[in-house]
1. Considering only the range 1-25, how many residues are closer than 20 Å to Gly251 by Cβ and either part of a loop (DSSP other than H, G, I, E, B) or among the β-branched types (Val, Ile, Thr) (or both)?
2. Looking at the range 240-252, is at least one residue under 16 Å from Val124 (Cα atoms), modelled with pLDDT of 90 or more and not in a loop (DSSP other than H, G, I, E, B)?
3. Of all residues in the range 17-75, which are modelled with pLDDT of 90 or more and among the basic types (Lys, Arg)?
4. If you scan the range 207-229, which residues turn out to be crowded, with 18+ Cβ neighbours inside 10 Å and modelled with pLDDT of 90 or more?
5. Would you call Ser101 among the polar types (S, T, N, Q) and in contact with an Asp or Glu (Cβ under 9 Å, 6 or more places away or on another chain)?
6. Tell me, please, whether a residue that is under 26 Å from Val52 (Cα atoms) and in contact (Cβ under 8 Å) with a residue 60 or more places away in the chain can be found in the range 12-32.
7. If you take the residues in the range 26-60 that are part of a helix (DSSP H, G or I) and of a type in the set (Ser, Thr, Tyr), which one is farthest from Thr189 (Cα to Cα)?
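The values are calculated or read from the model by the stated rules, or taken from the named source; none is laboratory data. Just so it is clear, the model here is predicted, and its values are computed rather than measured. Ideal geometry is used to build each Cβ from the backbone, glycine not excepted, and the neighbour counts take in all protein chains shown.
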Amino acid sequence: MIEVTSSEEGAALRWLAKRGQRVGRPTPLLTALIASRQSLHYRGFGRYFAIVIGVSIIGGGYSLLFGPGATQSGVGYFIYFGIQLGLWDGIRRRERKLRASVPSRSPGEHWSQVLGGWYLVSLVAAFAGGIALAVTMYFTTAARTYAVSWLGLLVLSALCCGWILTGVLRSRVFGEDPESLAVQRALRTERIYLAMPGFVVFPVALELLWSGDLPPAEATPWLVRYIAVVVVLQAISGILHWRRQRRLPPGHYGRPLPPDPGTPVDWSPPANHADGGARSSNRTPPDSASGSTPS
């Protein structure tokens with residue numbers, strides 16, 4: 001049996017309405033599916049908080065492994081890892097609970113259809129471009145410690161994002177009706193942004209703003225170009241994904257809204273006017289005009 005709360009039903013109503021499907025009450029399956037994207041708002045926040053804090057504490061000691069000259073963006077990267085893992089843990093727990101009540105199967109969509117070309121390009125730019133830049137920095141500048149420490153963070157980011165993307169693309173599909181499949185297709189597109197390429201460059205961008213003397217000066221222009229390229233590519237992929245999934249196809253997504261009662265009608269009697277009252281008193285009854293006598 002699928003169990004959902006009134007708060008989850010409200011969240012599902014708003015999510016469906018934003019995508020052009022207004023219903024009075026969504027089906028329990030759709031409510032449970034949509035609730036998985038906001039599970040930490042209602043349940044499991046303590047677990048999510050513990051994951052984020054625990055991973056962030058580990059990140060605090062990352063720069064100590066390399067000594068002076070290492071990048072100071074390690075804490076930012078590990079906070080990102082904790083957010084990723086905490087959110088994905090909440091989604092997986094909700095899906096495991098749903099699997100006990102609803103039949104599921106492997107997804108039919110190819111991974112390239114889910115990710116899209118622009119997202120793949122932004123992903124390659126973030127990881128392959130960043131790794132290439134770190135290796136170049138190691139061989140062409142004196143900041144080898146900085147290059148190695150940043151390269152390690154990029155590798156960890158690639159592993160974390162790859163694990164989440166693999167889970168999203170291989171996650172089970174619940175139900176067989178077109179409406180639940182359409183909702184899950186839109187949710188899968190949202191979830192790939194748990195591995196958002198922009199987060200990969202965000203900590204190093206903050207490092208450039210707050211401590212511009214730490215990265216090697218000769219590599220700073222290339223870092224700025226690298227960050228700009230990744231952000232622009234991710235923005236393009238996000239806009240295209242939003243345009244593709246902003247409206248769900250027509251179908252039965254729940255109990256219909258009550259019919260519109262229409263424009264209210266004023267049933268109050270008309271105002272009495274002097275001339276109208278005089279004409280009314282002088283009007284001859286129909287029976288008298290015809291000469292008939294009431295029986």
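1. Taking the range 1-25 and keeping what is closer than 20 Å to Gly251 by Cβ, we get 2, 4, 9, 11-25.
Okay, now just the ones that are also either part of a loop (DSSP other than H, G, I, E, B) or among the β-branched types (Val, Ile, Thr) (or both), so 2, 4, 19-24.
Total satisfying the criteria: 8.
2. No, every residue in the range 240-252 fails to be under 16 Å from Val124 (Cα atoms), modelled with pLDDT of 90 or more and not in a loop (DSSP other than H, G, I, E, B).
3. Across the range 17-75, the qualifying residues are Lys18, Arg19, Arg22, Arg25.
4. Result: Leu223, Tyr226, Ile227.
5. yes
6. yes
7. Ranking the candidates gives Ser56 first.
So that you can scan it fast, the table gives a plain yes or no per residue for (1) surrounded by 16 or more Cβ atoms within 10 Å (Cβ to Cβ); (2) hydroxyl-bearing (Ser, Thr, Tyr); (3) in contact with a Ser or Thr (Cβ under 6 Å, 6 or more places away or on another chain):
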position: Leu151; (1), (2), (3): yes, no, no
position: Leu159; (1), (2), (3): no, no, no
position: Gly175; (1), (2), (3): yes, no, no
position: Ser180; (1), (2), (3): yes, yes, no
position: Val183; (1), (2), (3): yes, no, no
position: Arg188; (1), (2), (3): yes, no, no
position: Leu194; (1), (2), (3): yes, no, no
position: Pro197; (1), (2), (3): yes, no, yes
position: Ala205; (1), (2), (3): yes, no, no
